[in-house]
1. Sort out which residues of segment 94-120 are closer than 19 Å to Phe18 by Cβ and without any contact (Cβ under 8 Å) to a residue 12 or more places away in the chain, and write them in order of number.
2. Return yes when Ile127 is surrounded by 13 or more Cβ atoms within 10 Å (Cβ to Cβ), modelled with pLDDT of 85 or more and among the β-branched types (Val, Ile, Thr) and no when it is not.
3. Do we have Ser117 as in contact with a helix residue (DSSP H, G or I) (Cβ under 8 Å, 6 or more places away or on another chain), surrounded by 10 or more Cβ atoms within 10 Å (Cβ to Cβ), part of a helix (DSSP H, G or I) and modelled with pLDDT of 80 or more here?
4. Inside segment 22-43, can you point out the residues that are under 20 Å from the mean Cα position of the chain (by Cα) and surrounded by 14 or more Cβ atoms within 10 Å (Cβ to Cβ)?
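The values are calculated or read from the model by the stated rules, or taken from the named source; none is laboratory data. Just so you know, these numbers come straight off a predicted model, no measurement behind them. Here the Cβ positions follow ideal geometry from the backbone for every residue, glycine too, while neighbour counts run over all protein chains shown.
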Amino acid sequence: MKSLFEPHLNMTARVMDFRLERQNVVASNLANINTPDYRPLRLEFEKDLQAALNLGVRGKLTRTSDNHIPGKFDPNSSKSTLEQTLTKRLVRSHDEIDLDKEMSIMAKNTMMYNALSTVIKNQMEGIKKVISDGSR
């Protein structure tokens, strides 16, 4: 079934959900900072996201030949859908909780979440503009 929304909008929403879960995991780590023998948890999903988007380790599109020109990601041409390949993993760290590290993870995660929400907001404004211009 065709959707009014572009395919990457669903992917963006899913990644936002993962970012929210990561924020909760970091908050849990911070809440247990004084708990003896507590090891912090990490929520990992970036490698699966890069694989689902056919991105290399550095976040660039992978190329199978040096003669290929890097192009834009086309969600319709990927072999698998994001929902099938994107998974999250909770990993227990071997380190003790470091307040500075946890706060920097939280700050970075907040910035990434805000950037994704701006992308979705701009998409919705674009759809709204198309609808309002179409009625003229």
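1. Pass one, segment 94-120, residues closer than 19 Å to Phe18 by Cβ: 102, 104-120.
Passing the criteria: Ser104, Ala107, Lys108, Met111, Asn114, Ala115, Thr118.
2. Working: surrounded by 13 or more Cβ atoms within 10 Å (Cβ to Cβ): yes; modelled with pLDDT of 85 or more: no; among the β-branched types (Val, Ile, Thr): yes.
Spelling it out, it is not the case that Ile127 is surrounded by 13 or more Cβ atoms within 10 Å (Cβ to Cβ), modelled with pLDDT of 85 or more and among the β-branched types (Val, Ile, Thr).
3. Working: in contact with a helix residue (DSSP H, G or I) (Cβ under 8 Å, 6 or more places away or on another chain): yes; surrounded by 10 or more Cβ atoms within 10 Å (Cβ to Cβ): yes; part of a helix (DSSP H, G or I): yes; modelled with pLDDT of 80 or more: yes.
Spelling it out, Ser117 is indeed in contact with a helix residue (DSSP H, G or I) (Cβ under 8 Å, 6 or more places away or on another chain), surrounded by 10 or more Cβ atoms within 10 Å (Cβ to Cβ), part of a helix (DSSP H, G or I) and modelled with pLDDT of 80 or more.
4. Arg22, Gln23, Val25, Val26, Leu41, Arg42, Leu43
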